[in-house]
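Visitor: The structure that follows is given in the form of structure tokens.
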Amino acid sequence: MEYAISLTNYRQKAWVNKSLGLLIKLGLFVLLLILVILFLLNLNQAKKAKLNKLKQDNHAQENKLISLKQQVESLKQSLMANPHQALDRHKVMAFLAYLSQVPLKGGLESLHIVDDQLKISGKLSITAFDGLEDNLKAQGFAYKVVHFQLIQQGQVEFSLQVEEGAE
């Protein structure tokens, strides 16, 4: 029996080619793995930056809230220290009772209480407006016309600033 021994380097070349192919596949896999890791790290950094921004915004809002609470407390303290700045409940109730008794043909749209003054706005007929003015004078209220405009025949739109004490 004869055995043929091949003296060519075919097996070496096949082994080298196979090893080279496996090394290329391993290199591509490592490169892909590195790219995925870099993507995840970049994503993580973006999330951390967003989280830090939210923390800073939250901290700023908390500081603002604390500042507003302190302002409210200081206003409460100043109101307690100076009770004459507060509206007298009896004056307000008396004026509201007066307004409920005044016969008006038209309507009052708004009443605003600012400091120790009352601002009345509305739309009335000219005669009702004159009656309101006369009635305010008779009750001892001082007033100032802030806004007066004719809007239709016999109708006026007005704003009065009313204070206690005409004389």
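The values are calculated or read from the model by the stated rules, or taken from the named source; none is laboratory data. Quantities reported herein were computed from a predicted structural model and do not represent experimental measurements. Ideal geometry is used to build each Cβ from the backbone, glycine not excepted, and the neighbour counts take in all protein chains shown. When the accessible area is computed, the model is the full protein with side chains, heavy atoms only, and any ligands, DNA or RNA have been set aside. Shrake-Rupley method; radii C 1.70, N 1.55, O 1.52, S 1.80 Å.
Visitor: Need a quick list: strands (runs of 3 or more DSSP E) entirely within the stretch 48-167 having at least 3 residues that are modelled with pLDDT of 80 or more and surrounded by fewer than 12 Cβ atoms within 10 Å (Cβ to Cβ).
Guide: Numbers: elements: 106-114, 117-125, 141-152, 155-164.
In the stretch 48-167, 141-152 are the strands (runs of 3 or more DSSP E) which contain 3 or more residues that are modelled with pLDDT of 80 or more and surrounded by fewer than 12 Cβ atoms within 10 Å (Cβ to Cβ).
Visitor: For the stretch 10-24, does any single residue satisfy the condition of being open to solvent by 100 Å² or more (accessible area, probe 1.4 Å), modelled with pLDDT under 95 and of a type in the set (S, T, N, Q)?
Guide: yes
Visitor: Here's a follow-up. Mind checking which pairs have a first residue in the stretch 141-152 that is within 14 Å of Leu118 (Cα to Cα) and a second that is open to solvent by 70 Å² or more (accessible area, probe 1.4 Å) and of a type outside the set (Ser, Thr, Tyr), Cβ under 6 Å, 6 or more apart or different chains?
Guide: Ala142/Glu163
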